[in-house]
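Notes follow once the structure below has been shown.
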Amino acid sequence: MKRVMRLRGVSGAIKGQVWEHPNLIRVGRLPQFELMLDDPSVSRRHAEVVRRIANAEIPETWLVRDLESTNGTYINGTRVAAGDHELQPRDIVQFGKVAFLVEMTDTTPEGPPSDSMVMAATTKAGYDEGIRRVAFGRDQVPRPGDELVALLRAGHHLVYLETEQQLLDSILDDAVSVLDAQRGSIILHEGTGDEPKLKLRSLNVGSGDARGRGHFSKRLAARCFSKGESALYRNVTEEKELLTQSIADGAMSSILCVLLRTPRRKLGVLHLDRGFMQEPFTEDDLMLADALAAHASAGIECALLLRKQRDLFINTLMVLGQMVELRDEYTGGHTKRVTEYATALAERMELATEDIEWIKLGTPLHDIGKVGISDEILQKPGKLSAQEFAKMQTHTIIGAEYLSTIPELHPCIPIVRNHHERWDGTGYPDRLAKTDISILARIVSVADAFDAMTSNRPYHTGKKGRSPEEAFAEVEAQSGRQFDPDCARAFLEIREKITQTMYELMPNMSQRRPTPSLEGVPTTHS
């Protein structure tokens with residue numbers, strides 16, 4: 001015998017209506033919830049009413065927990081705090097402004113007995129069959145509206161999301177929501193061949209609390225990927241072989257491992273799990289998850305291909321930037337270092353993702369105009385004359401003209417043309433000041449000057465490069481003069497990361513020692 005929780009509406013439009021469930025009643029505005037309330041006082045994910053299984057120490061009872069709702073959950077007029085709160089028959093429980101009477105009845109458990117097989121069901125459907133399941137379930141019956149909406153949303157993500165990570169996170173969010181998982185993971189295959197080299201790329205803890213270290217079962221994910229089939233593990237606790245640390249730490253009771261694939265290749269695994277307070281996954285859940293995986297996999301593959309293409313493009317730009325280094329002895333590695341410094345600074349300043357991408361694309365090209373400067377100037381030992389220095393300064397204009405012929409790279413032009421402008425307006429070539437200078441150029445300016453100070457620059461000072469400590473001190477001294485104060489401050493805040501990158505890219509830097517004084521150290525760089 002099992003006690004069934006029953007909630008009877010006592011107010012407004014729901015008065016007299018009854019909702020009941022033997023294990024879990026989720027409350028909110030989401031259509032897939034057991035108690036969906038279309039009321040403005042109710043949050044999308046408002047609360048849960050769950051059965052606590054009896055043991056030798058405590059009797060079976062029902063608990064309500066608020067899911068950080070906006071308008072709160074109440075028992076007999078008192079708002080409940082975070083955590084679980086026991087419900088008694090005849091209690092009045094209220095979600096926002098919607099109230100229910102708590103009733104409990106005894107009933108005989110329904111449904112088939114527990115399946116002793118750990119792998120309760122598998123499917124090795126091809127991509128085409130998986131796509132067909134977008135519209136039709138296991139029995140070839142059209143899917144319920146909430147399931148179909150979730151599957152269609154997976155396609156929506158392919159059009160409106162800008163980054164690969166956003167795509168993965170959004171697909172996983174929908175899978176966790178529509179399949180009522182306590183946790184979900186997307187694990188993608190890296191490298192070549194079918195040998196599993198799976199890496200966690202997205203994690204969602206759903207309605208769980210993310211305790212423990214268990215995010216997904218590496219063993220089951222590898223098995224799913226190697227065999228090329230999606231699998232349902234209805235009750236993993238019944239198989240000692242599967243009681244790994246990850247499953248135990250994650251409090252996993254039932255698991256879905258779903259293959260992400262396209263007609264061309266296997267991509268990875270969608271891993272979903274439920275806890276001990278939830279009903280196990282069913283075969284219908286497996287088919288729904290498999291359909292979602294098939295539908296979303298095309299978008300994931302496109303995102304992976306675009307990332308590969310983008311990485312190739314960045315490498316090409318880096319090579320173009322390094323063309324200058326083949327003619328200018330001092331600049332060996334300069335392009336890569338400045339790009340690393342500028343990217344770290346942009347991330348520290350929390351620039352928009354799009355702007356960070358332009359930093360990564362534009363910084364390798366910041367000195368591309370030097371290919372138009374003669375060897376007599378570019379390779380001259382010692383300091384440049386005033387006339388030669390003026391000619392050197394034209395590399396910013398030359399570089400901007402090069403990029404103006406490539407429409408796709410126009411957002412990079414401010415980096416190339418204006419990374420030698422100064423905050424006080426005395427830079428070149430346009431004498432821009434303060435925020436009239438693009439934020440992208442202001443960031444690259446700090447990174448470029450820092451590397452100039454720490455590099456051996458024969459035509460600049462005739463001296464060897466300075467130590468990191470001296471260069472950081474000069475960045476601080478030039479804040480509000482040469483550099484945007486916000487950029488300088490943020491750069492100093494990540495000095496440890498910058499120094500580590502420098503030592504990795506300039507092994508000989510560790511031999512350099514600070515000089516006694518910074519007097520006479522110019523920071524206007526070419």
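The values are calculated or read from the model by the stated rules, or taken from the named source; none is laboratory data. In this text the structure is predicted, and so the values were computed from the model without any measurement. Glycine also receives a Cβ, built like all others from the backbone with ideal geometry; neighbour counts cover every protein chain displayed. For accessibility, only protein heavy atoms count, side chains too; no ligands or nucleic acids. Shrake-Rupley method; radii C 1.70, N 1.55, O 1.52, S 1.80 Å.
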In segment 65-82, how many residues are closer than 20 Å to V10 by Cα, crowded, with 16+ Cβ neighbours inside 10 Å and polar (S, T, N, Q)? 2
If you scan segment 273-308, which residues turn out to be free of Cβ contacts under 8 Å to residues at least 40 places away in the same chain and more than 22 Å from L167 (Cα to Cα)? none
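Taking G399, is it touching a residue at least 24 places away in the same chain (Cβ under 8 Å) and surrounded by 15 or more Cβ atoms within 10 Å (Cβ to Cβ)?
Yes; evaluated as a whole, the condition is true for this residue.
Only one residue in D91, D106, D84 is farther than 30 Å from A231 by Cβ, acidic (D, E) and modelled with pLDDT of 90 or more, so which one is that?
Exactly one of D91, D106, D84 is farther than 30 Å from A231 by Cβ, acidic (D, E) and modelled with pLDDT of 90 or more, namely D84.
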Would you confirm whether any residue within segment 359-373 is touching a helix residue (DSSP H, G or I) at 6+ places or on another chain (Cβ under 6 Å), free of Cβ contacts under 8 Å to residues at least 40 places away in the same chain and over 18 Å from A447 (Cα atoms)? yes
When every residue in segment 27-50 that is closer than 19 Å to R274 by Cα and open to solvent by 20 Å² or more (accessible area, probe 1.4 Å) is compared, the one modelled with the highest pLDDT is R45
Within segment 406-437, the residues that are surrounded by fewer than 21 Cβ atoms within 10 Å (Cβ to Cβ) and either in a helix (DSSP H, G or I) or within 34 Å of the chain's Cα centre (by Cα) (or both) are I406, P407, E408, L409, H410, P411, K434, T435, D436
Looking for something in contact with a Leu (Cβ under 7 Å, 6 or more places away or on another chain), modelled with pLDDT of 85 or more and assigned to a strand (DSSP E or B) - is there at least one such residue anywhere in segment 272-284? yes
Quick one: in segment 343-395, which of the residues that are open to solvent by less than 20 Å² (accessible area, probe 1.4 Å) and not in a helix (DSSP H, G or I) is modelled with the highest pLDDT? H366
Has segment 18-25 got any residue that is in a loop (DSSP other than H, G, I, E, B) and more than 17 Å from I92 (Cα to Cα)? yes
Given the conditions (1) open to solvent by 50 Å² or more (accessible area, probe 1.4 Å); (2) part of a helix (DSSP H, G or I), every one holds for R481 apart from (2)
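Looking only at segment 51-70, how many residues end up being at pLDDT 90 or above and either touching a Lys or Arg at 6+ places or on another chain (Cβ under 7 Å) or among the β-branched types (V, I, T) (or both)?
Initially, segment 51-70 is screened for residues at pLDDT 90 or above, giving 63-70.
Narrowing further to those that are either touching a Lys or Arg at 6+ places or on another chain (Cβ under 7 Å) or among the β-branched types (V, I, T) (or both): 63-64, 67, 70.
So the answer is 4.
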